[in-house]
1. Give me the extension gain from Ala95 to Asn49: residue separation times 0.36 nm, minus the current Cα-Cα distance, reported in nm with one decimal.
2. GluC sites (Glu not before Pro) within the range 101-172: which are DSSP loop residues with at most 11 other Cβ atoms inside 10 Å?
3. What full-extension length gain, to one decimal in nm, is calculated for Ser80 and Asp110 as 0.36 nm per residue of separation minus the Cα-Cα distance?
4. Could you please state, rounded to a whole Å, how far the C-alpha centre of the range 1-56 is from the C-alpha centre of the range 88-115?
5. Give, in whole angstrom and from largest to smallest, the semi-axes √(5λ) of the equivalent ellipsoid of the range 2-174, with λ running over the eigenvalues of the Cα gyration tensor.
6. Pick out which of Leu54, Leu31, Leu102 has the largest mean-square fluctuation in a Gaussian network model of the chain, springs linking Cα atoms closer than 10 Å.
7. Please report, in debye to the nearest 20, how large the charge dipole of the chain is about its Cα centre when each Lys and Arg carries +1 at its beta carbon and each Asp and Glu carries -1 there.
8. What residues of the range 59-82 lie in the reach of a label at Arg2, counting those whose backbone N is under 13 Å from a point 7 Å from the Cα along Cα→Cβ?
Amino acid sequence: MRVFTLPRFISTLGDEESRKALSEFSVERNLDVQRFIRESAIPYQKAHNSRAYLLVDDSYRLKGYFTLSLACMRIPEGISNTMKRKMRGYGRNSASTVPCFLLGQLAREDSTPKGMLSLEDIVDMVTGYALNAQEYVGGRFISLDCTDELVGLYEANGFQRINKTKELNQMIMFIA
Ligand SMILES: CC(C)(COP(=O)(O)OP(=O)(O)OC[C@H]1O[C@@H](n2cnc3c(N)ncnc32)[C@H](O)[C@@H]1OP(=O)(O)O)[C@@H](O)C(=O)NCCC(=O)NCCS
């Protein structure tokens, strides 16, 4: 599996072919994730809101994707002081919000077998990019939001749940 940034994917495949690949990307289990890559990935990229990473096979077929961006997380009330200290890091003893990397979207395309691309593979790639960004700007953890069904899967891949909002669980993984 090869990783292409969105601009590189577009310049490699050409405008028409790449837009077709994005618009046909199918994730029936999560239509928000499907809609994002079909409709929002390019405008978000142009606005520098986030970066999309496209996972392609040797024939340039789109098999999955994830997005990374900068975010600011409010420290949840109900967590331990140890966890609060860990999230804040040195010198931010009373900060109520902390910066982090946001893993906003991720998916394997429906027709792609798990053996070809799993969450473990995606998290490995995400961690690599986050560690690269950390070299330049710092950053202590990666965060994501997910529904209840996916909490166990993310826990098995290095994330821990720190909070539950109305429908979503806030998960984080330290990289420092
Ligand atoms: C998330 C994903 C990459 C994980 O891949 P994986 O490591 O190969 O794991 P699986 O696809 O086998 O999924 C593990 C379990 O989670 C379930 N699951 C996966 N996505 C789900 C979703 N969106 N809603 C509910 N359950 C989901 C699977 O049905 C499976 O359940 P099972 O173990 O009872 O069979 C892949 O499932 C996927 O692309 N899902 C759709 C997109 C998505 O939901 N992204 C996450 C947004 S937070």
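1. On the way: separation 46, 0.36 × 46 = 16.56 nm, distance 2.39 nm.
Net length gain for the segment: 14.2 nm.
2. On the way: sites: Glu109, Glu120, Glu135, Glu149, Glu155, Glu167; in loops: Glu109, Glu167.
Listed in order of number, the matching sites are Glu167.
3. Working: separation 30, 0.36 × 30 = 10.80 nm, distance 3.90 nm.
Full extension from Ser80 to Asp110 adds 6.9 nm.
4. If we compute the Cα centre of each part, the gap is 19 Å.
5. On the way: eigenvalues 180, 62, 39 Å².
Semi-axes from the Cα gyration tensor: 30, 18, 14 Å.
6. Leu31
7. Working: 23 positive and 21 negative charges, 169 e Å.
Charge dipole of the chain: 820 debye, to the nearest 20.
8. 59-63
Laboratory data are not the source of any read-out in this text; all were calculated from the coordinates shown. Small disclaimer: the values here were computed from a predicted structure and weren't measured. Here Cβ is always computed from backbone atoms with ideal geometry, including for glycine, and neighbour counts include all displayed protein chains.
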